[in-house]
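Have a look at the structure below before the remarks.
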Amino acid sequence: MLKYFLRRMFLLILVLFGVVILVFTIGRLIPGDPARVILGERATPEMLENIREKYGLNEPIIIQFFVYIKQLLHLDLGSSITQHIPVWSVIQAHFMPTFELTIMATFWAMIIGIPIGILAAIKKDTVFDYVSMNVALFGVSMPVFWIGLILIMIFSVQLDWLPASGRTIGIFEGFFLLFTRGDIKSLGEAFSYVVMPSLALGSMFAALLARISRSSMLDALNENYIETARAKGLNERRVILKHALKNALIPIITVIGMQLGSLMGGAVLTESVFAWPGLGRALVDSIYARDYPVFQGIILFAAMLFASINLLVDMLYALIDPRIKYN
């Protein structure tokens with residue numbers, strides 16, 4: 001286990017280094033001058049040169065790259081060109097909204113997608129199976145921004161039940177106020193803002209989980225040990241929940257881990273549609289502003305989260321299935 005973990009950590013470092021090279025290179029290829037973005041169109045050549053010198057933008061690209069690597073070795077992501085604050089502060093300010101959105105979207109996906117997929121496998125070739133899988137196919141095919149706009153039209157514009165965009169208070173802060181002050185109104189307000197973006201983001205995730213759960217469960221139900229368990233007279237519910245489901249969980253957990261890792265880096269479309277102040281929206285804003293340190297830092301942070309979560313998922317495999325050994 002330790003040897004496997006160390007090997008994966010080494011590969012993780014190589015992946016992150018590759019991400020650094022790729023992001024740094026692409027960032028410098030984006031058309032536009034950060035100095036011009038900061039100062040505006042009326043800036044004089046002297047003013048532009050001062051800004052470039054201040055942020056090292058007048059240095060050769062290879063020098064800029066080695067300076068950036070040196071900063072990373074000191075765990076320094078640099079400072080924002082436009083906001084004049086450390087990149088870590090930008091990430092910290094936008095991480096919690098993204099974290100809340102990710103947790104809620106994953107919650108909706110798991111409580112909707114997994115049960116539907118399992119029931120579809122148990123009721124294979126029935127009306128429920130055909131209807132649920134066609135709905136899941138529809139969910140996978142629909143763009144998340146389209147689902148978001150439909151939700152806004154129904155629940156905000158037509159019914160006026162939920163706010164169309166923004167975020168005033170976080171869910172965790174809402175729970176804190178509930179437990180410390182008995183303030184349930186703040187928690188309700190937090191949920192009112194997060195429910196639509198999380199449903200929009202979780203719908204495609206739920207559809208994917210439903211299809212994966214069905215396929216994995218069908219594979220498990222066709223195994224010989226399931227027939228043996230039934231031949232011994234075990235209750236069908238026990239056969240499904242204890243034997244089949246446990247062995248069907250590995251592909252499901254793999255998908256959850258991959259989706260969770262990618263969403264933690266920011267759901268760009270969802271956050272843009274609902275004006276959600278998360279990492280995805282901050283990434284888009286920094287690209288438009290040619291704020292190299294910010295979008296490099298966010299992408300590197302997202303890559304680190306994605307790789308770390310997938311490493312954790314790999315470690316969980318042995319707990320789910322003792323037959324799995326790490327060499």
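The values are calculated or read from the model by the stated rules, or taken from the named source; none is laboratory data. Keep in mind the model is a prediction, meaning the values are calculated, not measured. A quick note on method: Cβ atoms are made from the backbone with ideal geometry, for glycine too, and the neighbour counts reach across all protein chains shown. What goes into the accessible areas is simple: the full protein's heavy atoms, side chains included, and nothing from ligands, DNA or RNA. Shrake-Rupley method; radii C 1.70, N 1.55, O 1.52, S 1.80 Å.
Kindly indicate whether any position in the stretch 89-98 is of a type outside the set (Gly, Ala, Ser), on the phi > 0 side of the Ramachandran plot, outside any strand (DSSP E or B) and out of contact with any Cys (no Cβ under 9 Å at 6 or more places or on another chain). The answer is no; no qualifying residue exists.
Just checking, which of ILE30, ILE61, ILE38 is at pLDDT 75 or above, within 33 Å of the chain's Cα centre (by Cα) and of a type outside the set (S, T, N, Q)? Result: ILE61 is the single residue among ILE30, ILE61, ILE38 that is at pLDDT 75 or above, within 33 Å of the chain's Cα centre (by Cα) and of a type outside the set (S, T, N, Q). Within the stretch 265-287, residues that are free of Cβ contacts under 8 Å to residues at least 60 places away in the same chain and of a type in the set (A, V, I, L, M) reach partners that are outside any helix (DSSP H, G or I) and open to solvent by 10 Å² or more (accessible area, probe 1.4 Å) with beta carbons closer than 8 Å, at six or more positions or on different chains, in the pairs LEU283/GLY266.
Report whether or not GLY202 is within 19 Å of the chain's Cα centre (by Cα), surrounded by 22 or more Cβ atoms within 10 Å (Cβ to Cβ) and under 30 Å from LYS123 (Cβ atoms). Spelling it out, GLY202 is indeed within 19 Å of the chain's Cα centre (by Cα), surrounded by 22 or more Cβ atoms within 10 Å (Cβ to Cβ) and under 30 Å from LYS123 (Cβ atoms).
Filtered by the rule that a residue be part of a helix (DSSP H, G or I), open to solvent by 60 Å² or more (accessible area, probe 1.4 Å) and touching a residue at least 40 places away in the same chain (Cβ under 8 Å), the stretch 54-88 gives a lone residue, TRP88. Residues that are loosely packed, with under 15 Cβ neighbours inside 10 Å and either in a helix (DSSP H, G or I) or not polar (S, T, N, Q) (or both) within the stretch 150-168 comprise ILE150, MET153, ILE154, VAL157, GLN158, LEU159, ASP160, TRP161, GLY166, listed in sequence order. Among the residues of the stretch 267-289, the ones that are farther than 23 Å from LEU149 by Cβ and surrounded by fewer than 22 Cβ atoms within 10 Å (Cβ to Cβ) come to 1 in all. Residues in the stretch 220-279 that are more than 12 Å from THR98 (Cα to Cα), outside any loop (DSSP other than H, G, I, E, B) and of a type outside the set (S, T, N, Q): 31 in all. If we scan the stretch 153-167, do we find a residue that is among the small types (Gly, Ala, Ser) and either at pLDDT 90 or above or more than 23 Å from ALA275 (Cα to Cα) (or both)? Looking through the stretch 153-167, none of the residues is among the small types (Gly, Ala, Ser) and either at pLDDT 90 or above or more than 23 Å from ALA275 (Cα to Cα) (or both).
Close Cβ contacts (under 7 Å, 6 or more residues apart or on different chains) running from residues in the stretch 225-249 that are without any contact (Cβ under 8 Å) to a residue 12 or more places away in the chain to residues that are of a type outside the set (Ser, Thr, Tyr) and open to solvent by less than 70 Å² (accessible area, probe 1.4 Å) comprise ARG230/VAL239.
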